[in-house]
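**Q** If you scroll down you'll find the structure; I have some questions about it.
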Amino acid sequence: MKFTKLFQAVGATVLAATVASFSTNALAADDIKIGVSIWSSTDVLGSDSKRMLDAAAEALDVELQYVDQGHVSERVTASIEQLVAAGCQGIIVCNSADTEMVSAIKTCNDNEVYLAQFYRIISQTANPAIYEMAKNSPYFIGAVHEDEPANGEALVNILLNKGCRNIGLIGWEQGDATWLGRWEGYKAGIEKWNAAHPDDQAKLSEPQYAGTSSEGGSKAAEALMAADPTLDALIPAGGGGDPLLGAVAAVERAGKVKDIAVVSTDFLPDLGERLKNGSMAGQSGGHYCDPLYAFMLVYNAVKGNYKDFEGQFIDVTFPYLFVSSPEDYGDYDKYFEQSLPYNAEEIKALSNMTVDELKIAATKLSIADAAARAEAAK
C-alpha cells in the first residue's frame, strides 16, 4: 500500500500510531481485513447491519474494523483515512454523500484500497463528474442500494390507500442522495394520486429535518403537528431508525396515535406490535443485507477474484420488503429478526459467486425466499 500520502493527510500523530500498529500487528499474506465506515453500529438498522456483517466475517474468517461516523461529513472522510491507516485492504461505507465520496475515493486510490458503498449510490444525474470519477477509479468497485423513488412512491400509496390525505414529511440530512430519491418518490405518488382523483386531493408538506437522532425525529414531528392540526399522516423518511422512534413517541405523547398514520423505511424491532396497536401503518426496508453484498464485492476484490474496476461501476440493486399489517410481519420476524436471512453455508456460497450471480441473488431476496431457504436447510 502507498501509505505516504495518507500519512501526510492525517498528520504525524496518526503516522506514529500507524507505524507502531503495523510493526506489531502486520497482517499475514492470506489475512483479509475489511473496514466498515457506518453512521452507527448501534441504532436499529446499524445494529442489524453489524449482525449480518459479523456473521459473514466469521463464516469467511475475515477481520472487520468498524468506525461509527454519525453521518458527519468530516468524520465520514476521516473514517476512510482511519481505516486505511489501520491496514484494511478494503472498505465499505455508508452514509456517504456524493461530495464525501470524492475524498473517500482519492484516499483509496492513493493507498490502493478497494471501496464500495452500501445503502447508497453516487447519483449519475445529479453529480455526473463524481460518478465518472468513481467509474474511472481502479479501486472504487460500486454500490449496493435500493430503488429509492419506487420505495417512496410505494410508502405514500400505503398511506393514500388507508385514507390519509394530509401528510407531513421528515427528512434526515439535506442533500443525502438516498433521502432525495425517497422524496422524489413521495412527490411522484402524490402527483399521480391527485391527477387520478381531482375531487379527492392529497398534499405533502415540505420536509422538517431530523438528523439521525431520536430527539431530532421527535422535534420534527412536533413541529409538523403544531404547524397543521389537521395532519393525518407522517413519513419519517429514514436515518437509521432513531428519527422514526422519536417521531412515533411524539405522536404518542400528543395522543394522536389513532389520528396520525406513520410509515417509514428501516424496520423497527417491535414493528409487529406497533402494527397491531396502530402506532405504525406500514414500513419498508428490513433486509439489512446491502452491507453483506458490498462486503462480498470488496472481499472478492481483495482476493483477486474481481478485477479491472477502472471504467466500470458495479450497481447491485435490492428490492425492498414492505409490510402493512401484523400478518405481513409474522414471517419477517421469524426469518429476519429471530434469525439471519443467510446462514454460514449460504454466506460461503455468496462469496463464490460472480458479480452477475450476486446481482441475481440480490433480486431474489424476499421474506418468501428467506423462508424457503430456511425450511430447505432443516
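The values are calculated or read from the model by the stated rules, or taken from the named source; none is laboratory data. Only a predicted model underlies this, so the values are computations on that prediction, with no experimental measurement involved. In this analysis, Cβ positions are derived from the backbone assuming ideal geometry, glycine residues included, and neighbour counts consider all displayed protein chains. To get the accessible areas, we keep the full protein, side chains included, count just its heavy atoms, and leave off ligands, DNA and RNA. Shrake-Rupley method; radii C 1.70, N 1.55, O 1.52, S 1.80 Å.
**Q** Determine whether the stretch 327-340 contains at least one residue that is acidic (D, E), assigned to a helix (DSSP H, G or I) and touching a His at 6+ places or on another chain (Cβ under 7 Å).
**A** no
**Q** Please verify whether the stretch 217-226 includes one or more residues that are open to solvent by 10 Å² or more (accessible area, probe 1.4 Å), closer than 20 Å to K187 by Cβ and among the basic types (K, R).
**A** No, every residue in the stretch 217-226 fails to be open to solvent by 10 Å² or more (accessible area, probe 1.4 Å), closer than 20 Å to K187 by Cβ and among the basic types (K, R).
Residue-wise test of (1) closer than 26 Å to P319 by Cβ; (2) modelled with pLDDT of 95 or more.
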residue	(1), (2)
Q82	no, yes
D98	yes, no
V102	no, yes
T107	no, yes
E112	no, yes
R120	yes, no
V144	yes, yes
I170	yes, yes
E173	yes, no
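**Q** A further question on this structure: What are the residues in the stretch 290-319 that are farther than 20 Å from C88 by Cα and not in a loop (DSSP other than H, G, I, E, B), if any?
**A** Those that are farther than 20 Å from C88 by Cα and not in a loop (DSSP other than H, G, I, E, B): I314, D315, V316, T317, F318.
**Q** Within the stretch 305-345, track down each residue that is open to solvent by 40 Å² or more (accessible area, probe 1.4 Å), under 14 Å from A371 (Cβ atoms) and among the aliphatic types (A, V, I, L, M).
**A** Of everything in the stretch 305-345, just one residue is open to solvent by 40 Å² or more (accessible area, probe 1.4 Å), under 14 Å from A371 (Cβ atoms) and among the aliphatic types (A, V, I, L, M), namely L340.
**Q** Under 8 Å between Cβ atoms, which residue pairs at least 6 apart in sequence (or on different chains) link something in the stretch 200-215 that is closer than 21 Å to D68 by Cβ with a partner that is of a type in the set (V, I, T) and open to solvent by less than 50 Å² (accessible area, probe 1.4 Å)?
**A** Within 8 Å, the pairs are Y209/I170; A210/I170.
**Q** Among the numbered criteria (1) in contact (Cβ under 8 Å) with a residue 12 or more places away in the chain; (2) under 30 Å from P229 (Cα atoms); (3) more than 19 Å from the chain's Cα centre (by Cα), which single criterion is violated by P149?
**A** (3)
**Q** If I filter the stretch 285-305 for residues that are polar (S, T, N, Q) and out of contact with any Ser or Thr (no Cβ under 8 Å at 6 or more places or on another chain), do I get at least one hit? Let's see the steps before the verdict.
**A** The initial filter retains those residues of the stretch 285-305 that are polar (S, T, N, Q), namely 300, 305.
In the following step, the residues that additionally are out of contact with any Ser or Thr (no Cβ under 8 Å at 6 or more places or on another chain) were identified as 305.
Yes, because at least one residue in the stretch 285-305 is polar (S, T, N, Q) and out of contact with any Ser or Thr (no Cβ under 8 Å at 6 or more places or on another chain).
**Q** Can you tell me which residue in the stretch 158-178 is farthest from G278 (Cα to Cα), limited to those that are of a type in the set (G, A, S) and open to solvent by 40 Å² or more (accessible area, probe 1.4 Å)?
**A** G175
**Q** Shifting gears a bit: Kindly indicate whether any position in the stretch 248-264 is buried (at least 20 other Cβ atoms within 10 Å of the Cβ), outside any strand (DSSP E or B) and within 23 Å of the chain's Cα centre (by Cα). Break it down stepwise before answering.
**A** Kept after step one, since they are buried (at least 20 other Cβ atoms within 10 Å of the Cβ), are these residues of the stretch 248-264: 248, 250-251, 260-264.
Okay, now just the ones that are also outside any strand (DSSP E or B), so 248, 250-251, 260.
Subsequent filtering for residues that are within 23 Å of the chain's Cα centre (by Cα) retains 248.
Yes, because at least one residue in the stretch 248-264 is buried (at least 20 other Cβ atoms within 10 Å of the Cβ), outside any strand (DSSP E or B) and within 23 Å of the chain's Cα centre (by Cα).
**Q** Also, quick follow-up: Can you name the residue in the stretch 33-43 that is under 18 Å from the mean Cα position of the chain (by Cα) and surrounded by fewer than 21 Cβ atoms within 10 Å (Cβ to Cβ) and, of all such residues, is farthest from V113 (Cα to Cα)?
**A** So, considering only residues that are under 18 Å from the mean Cα position of the chain (by Cα) and surrounded by fewer than 21 Cβ atoms within 10 Å (Cβ to Cβ), the one farthest from V113 (Cα to Cα) is T42.
**Q** Looking at (1) open to solvent by less than 30 Å² (accessible area, probe 1.4 Å); (2) assigned to a loop (DSSP other than H, G, I, E, B); (3) at pLDDT 95 or above, which one does G211 not meet, given that it meets all the others?
**A** G211 satisfies every listed condition except (3).
**Q** For V302, are the conditions met, namely being of a type in the set (A, V, I, L, M) and surrounded by fewer than 21 Cβ atoms within 10 Å (Cβ to Cβ)?
**A** It is true that V302 is of a type in the set (A, V, I, L, M) and surrounded by fewer than 21 Cβ atoms within 10 Å (Cβ to Cβ).
**Q** Determine the pairs where a residue that is outside any helix (DSSP H, G or I), located within the stretch 355-372, has a partner that is open to solvent by less than 30 Å² (accessible area, probe 1.4 Å) and not hydrophobic (A, V, I, L, M, F, W, C) with Cβ atoms under 6 Å apart, the partner being 6 or more residues away or on another chain.
**A** Within 6 Å, the pairs are L365/H287.
**Q** Just wondering, is there one or more residues in the stretch 78-94 that are under 27 Å from L234 (Cα atoms) and out of contact with any Gly (no Cβ under 6 Å at 6 or more places or on another chain)? Spell out how you get there, then give the answer.
**A** Kept after step one, since they are under 27 Å from L234 (Cα atoms), are these residues of the stretch 78-94: 94.
Then keep just the ones that are out of contact with any Gly (no Cβ under 6 Å at 6 or more places or on another chain); that gives 94.
For the stretch 78-94, residues under 27 Å from L234 (Cα atoms) and out of contact with any Gly (no Cβ under 6 Å at 6 or more places or on another chain): present.
**Q** Just to confirm my filter: which strands (runs of 3 or more DSSP E) fall fully inside the stretch 53-157 and include at least 3 residues that are open to solvent by 10 Å² or more (accessible area, probe 1.4 Å)?
**A** 63-68
**Q** Still on this structure, I have one more. State yes or no: is E273 over 26 Å from K50 (Cβ atoms) and either open to solvent by 10 Å² or more (accessible area, probe 1.4 Å) or modelled with pLDDT of 95 or more (or both)?
**A** Answer is no for this residue.
**Q** Sticking with this structure for a sec: Among (1) open to solvent by 40 Å² or more (accessible area, probe 1.4 Å); (2) under 20 Å from E148 (Cβ atoms); (3) of a type outside the set (D, E, K, R), which single condition is A362 missing?
**A** (1)
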